[in-house]
Amino acid sequence: LLTGQLRETATRLEASESRYRLASQAAADTVWDWNLLTQEVAWSGETRRLLGFAPEETGPLANWWVERIHPEDRGRVARGIHAAIQGTQARWQDEYRFFNREGDAVRVLDTGVILRDATGRGVRMVGAMQDVSLQREEESGRARLLLEAHTARVQADTALGHLHVLLQQAPVALAILRGPEHVVELANDRVCQLWGRASEQVLGRPLFNVLTEVKGQGFRELLDNVLTTGNPYVGHEHHARLARAPGGALEDAYLNFVYQPLHEAEVGLQGILIVASEVTEAVRARQRAEGLAGTLHASEERLRLALDAADMGSWDIELATGRGTWDARFRAMLGLPAQGEVTLDEAMRFVLEEDRSKVEQAMAEAARPGGSGEYACEFRARAAQGGQPGHWLSGRGHVHFGPDGRPVRFVGTGLDVTDRKLAEEAARQRAEFEQYLVGIVSHDLRNPLNSIMLGTASLLRREELSERETKAVLRIQASAERAVRMIRDLLDFTQARLGGGLPVHCQDLELGALVHQVVEEARMSAPERDIALSLPQAGLRGCWDPDRVTQLLINLLGNALKYSPEDTPVAVRLMEVPGSVLLEVHNGGAPIASDVLPRIFQPMQRGAPGVDAATRSVGLGLYIVRTIVQAHGGTIDVTSTREAGTTFTVRLPHVDAQQAASL
């Protein structure tokens, strides 16, 4: 009976802990977003709680994360994630040690999803990092507990086997106590072993002189009562504390024994016959089993709380019979009856027909002998009678295999992901609309604008135009040019969002000459403004895209002229630093608002409200500037205060054309 309880408890504990592990994996602790083209990584605010780093303390590039991986794990993790990115798979997962802000190694489970462009190249990776240190400690503790339970079971079986043999050879341990002083008249070897005394230390001496350590434990009162009443006393698993050697430390012991009174008229001796056997290990094995049952209860309660917190349902299926146990939440998710037994085949009828084969294939793969046993699948529940298709469910599970390698049990959790699916569908529709908008902008709007600009250029060449007519044509031309710039920004924005970045075509370029040319054109366009230029004495040759760098500088200069008072200068400065070049554009005037500054490079943002209609834009200039910088592998920063003004600083890697060709 004890052995069966131990095995059943251990099996239930294993299944329960598997369900708890699956529920815990579904809740990401911190989320990271990795731009694979620029190596820039953004971390969620939960990073402070998980690792101790505030968002501003996390490095902007992936090497910040790599450098904090434990040296023993770093190479494996780096090889694995780069193999996943360079391959064709959509998902990467690894478990490793990561140094937190205090320098302690935290064991984390890291999972990432790879987004690829039309050519299959990885352009973005979004993932979640979870602290599994406590979970691994619990698993280690649980393994020790199961090992102790197994050891106790073996010991209990051995002790019970010995007990059976001894009972067949009754008396087991035999002693006779004579008279009211309880002098030891007879004691066989088993009694002496139990008491930890040699026979010459026992025979002919009062029991409480032999076993002085049992005084105060109620044995004298028990023995005196047996003599006084003449009634035997039967003790089943009686707890005692015995010293196994004279003067030794007391140890807990459990005994099965009988104190049988002896009458002088019958046996010629007034005393007590003791028949005893020790069952300490058997009792301790049962206590461990009871403790294991308590651990199981705590684990099941912890599982219930985790499922409640994550709004998940769970299942447990015997694969040999198809009998399933479904909790109330999962029954409601799938539309199963609230009560009664439901088999796996019956439950599959509640999966939408179009998704049923996908679920069956995922289950078959999980149950494949020699496989990982992991199951993950998203599917739709069948619609109610006469209704629309039901909820989207995400299932995660694990198949447990028997000693012969056959699948035995299938446990898992389910989560309603309908809202996420609706959001993904809305995002897909938005992307289609953006593509539709690109078509309109690139074909239906750009062509008539080109015609307008050609027409105004032709009109301006006529000498008979009056001054008033010339000004009108110039206004038309300026409006058309502004519309063309807006269209270009919209096209670049859509390309960056849908294509994973703007394409750049680097070539050998003297950057100082290009910057000088752009500044001169800006001076001609705004002759009333003072634009200062600072260039290094030596030329700066390197490999950059001249059209994109020109676009970048025009946007920054236009921004500086637009948001600064007309009587203040705008400064452009180009300099070389180790490995890079710096391009700064500075203007005075009111600073960028503190609530706008953190999102200044996001699309549809402007540096200041209230801009007049003549300078209105679609708010994409700085977003496109950052995208161009990132496409070159560089960075852009902005500082803005009332005292120092506003400065945009672009850092571009300084790579010459020969080096670029060898990359």
Original post:
Pulled fully out, how much extra length does the chain show between Val31 and Gln602, if you take 0.36 nm times their separation in residues and subtract their Cα-Cα distance?
Top reply: 203.6 nm
Original post:
What nm distance separates the two modelled labels at Gln270 and His82, each placed 7 Å from Cα along Cα→Cβ?
Top reply: 9.5
Subject >> Length released on extending from Ala42 to Arg101, taking residue separation times 0.36 nm less the Cα-Cα span >> reply: 19.5 nm
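Would you please classify the overall shape of the range 316-431 from the alpha carbon gyration tensor, given that a ≥ b ≥ c denote the square roots of the eigenvalues, rounded means a/c under 1.5, and beyond that prolate means a/b larger than b/c while oblate covers the rest? Could the numbers behind the result be given before it?
Numbers: a/c = 2.39, a/b = 1.47, b/c = 1.63.
Judged from the Cα gyration tensor, the range 316-431 comes out oblate (a/c at least 1.5, b/c at or above a/b).
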Original post:
Which stretch or stretches of the range 529-564 have amide N atoms under 17 Å from the point lying 7 Å from Met575's Cα along the Cα→Cβ direction?
Top reply: 532-540
Original post:
For the residue pair Ala472 and Glu57, what label-to-label distance in nm results when each label sits 7 Å from Cα along the Cα-to-beta-carbon direction?
Top reply: 6.7
Subject >> All lysines inside 29 Å of Lys421 as judged from Cα atoms, apart from same-chain residues fewer than 8 positions distant >> reply: Lys358
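State the extension gain, in nm to one decimal, for the chain segment bounded by Ser458 and Glu521, taking 0.36 nm per residue of separation less the distance between their alpha-carbons.
So the extension gain works out to 20.5 nm.
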**OP:** Would you list, by chain and number, the lysines whose Cα falls below 26 Å from the Cα of Lys471, excluding same-chain residues fewer than 8 positions away?
**Re:** Lys562
Subject >> Calculated FRET efficiency for the pair Ala426/Glu251, C-beta based, R₀ 51 Å, to 0.05 >> reply: 0.10
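Mind checking the per residue accessible area of the range 89-129 for me, 1.4 Å probe, whole number of Å²? Each step should come with its number before you reach the end.
Details: 2040 Å² over 41 residues.
Each residue of the range 89-129 exposes 50 Å² on average to a 1.4 Å probe.
Quick check for you: with a 1.4 Å probe and neighbouring chains kept, what is the accessible area per residue of the range 536-587, in Å²?
Details: 2250 Å² over 52 residues.
Ligands and nucleic acids excluded, the figure is 43 Å² per residue.
The values are calculated or read from the model by the stated rules, or taken from the named source; none is laboratory data. Keep in mind it's a predicted model, so treat the numbers as computed, not measured. So basically every Cβ, Gly included, is an ideal-geometry build from the backbone, and we count neighbours across all protein chains shown. Protein only, heavy atoms only, side chains kept; ligands, DNA and RNA dropped before computing areas. Shrake-Rupley method; radii C 1.70, N 1.55, O 1.52, S 1.80 Å.
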